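Colleague: Please find one structure pasted underneath; my questions will follow.
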Amino acid sequence: GQLPEGSLRLKDKALDAGYVPLATPQSQRLQLRNTGTRAAAFRVLPNAKVKVTPEKCKVAPEETVDLEVNFSCPDPGPLTTTIELQAAKLPFVLTNTTPVPAKLVVDLVSTPSLQLLLAKDAWSSTEYDQCPLMRIGVQGQVVSGSARA
């Protein structure tokens with residue numbers, strides 16, 4: 001099944017500071033709201049014309065975060081730029097708390113960019129000689145060179 005997702009939305013699609021004095025630092029606020037049912041995270045991509053803080057943040061469901069946009073107009077005329085946000089990765093932890101061994105199969109065919117990394121100290125060396133992860137291809141075959149330790 002599909003898990004519900006976070007959904008980040010800006011309250012205003014444009015920021016208009018009006019007329020500002022040349023070479024004078026300015027600050028404006030934007031509001032970013034998570035309208036989803038799960039936490040969402042983002043990071044601000046670098047921009048030579050403006051500085052946005054926070055540069056990265058995790059936003060809980062139905063929470064609003066204020067973004068501060070700092071800029072200075074070096075020349076007369078409009079200052080036009082685009083603020084780009086990139087979805088960030090949130091950690092996923094799966095723990096088997098029962099004495100019964102469990103087997104987990106994660107189908108990542110529809111999400112080829114997702115990586116699942118397991119640190120060597122996160123699995124018991126007394127139970128495994130190698131990392132217990134295997135990469136399985138579309139046809140169900142084990143793909144060689146798939147375990148990293």
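Colleague: For THR53 and GLN28 in the same chain, what is the full-extension length gain: residue separation times 0.36 nm, less their Cα-Cα distance, in nm?
Modeller: 7.9 nm
Colleague: Now for a separate question. Sort GLU5, GLU55 by accessible area with a 1.4 Å probe, largest first. Spell out each step's value before the answer.
Modeller: Details: GLU5 130, GLU55 105 Å².
Ranked from most to least accessible, the order is GLU5, GLU55.
Colleague: Now for a separate question. Pick out, in residue order, every one of the trypsin sites (Lys or Arg not before Pro) in the range 11-70 that is DSSP loop and has at most 16 other C-beta atoms within 10 Å; say none if there are none.
Modeller: LYS11, LYS13, ARG38, LYS49
Colleague: When the accessible area of the range 19-88 is computed with all protein chains present and a 1.4 Å probe, what percentage of it is carbon and sulfur?
Modeller: Answer for the range 19-88: carbon and sulfur cover 53 percent of the accessible area.
Colleague: Among SER27, VAL65, THR81, whose Cα lies farthest out toward the positive end of the dipole of the range 19-88, if unit charges sit on the beta carbon of Lys, Arg (+1) and Asp, Glu (-1)?
Modeller: Farthest towards the positive pole: VAL65.
Colleague: Still on this model: Please pull out the direction-averaged projected area of the range 19-88, using the convex hull of its alpha-carbon atoms, in nm² to one decimal place.
Modeller: Spelled out: convex hull of the Cα atoms, projected over all directions, averaged, 4.8 nm².
The values are calculated or read from the model by the stated rules, or taken from the named source; none is laboratory data. Here the structure is a predicted model, which is why all the values come from computation and not from measurement. Heads up, the Cβs are rebuilt from the backbone with ideal geometry, glycines too, and the neighbour counts pull from every protein chain shown. Heads up: the accessible areas ignore ligands, DNA and RNA and are worked out on the full protein's heavy atoms, side chains in. Shrake-Rupley method; radii C 1.70, N 1.55, O 1.52, S 1.80 Å.
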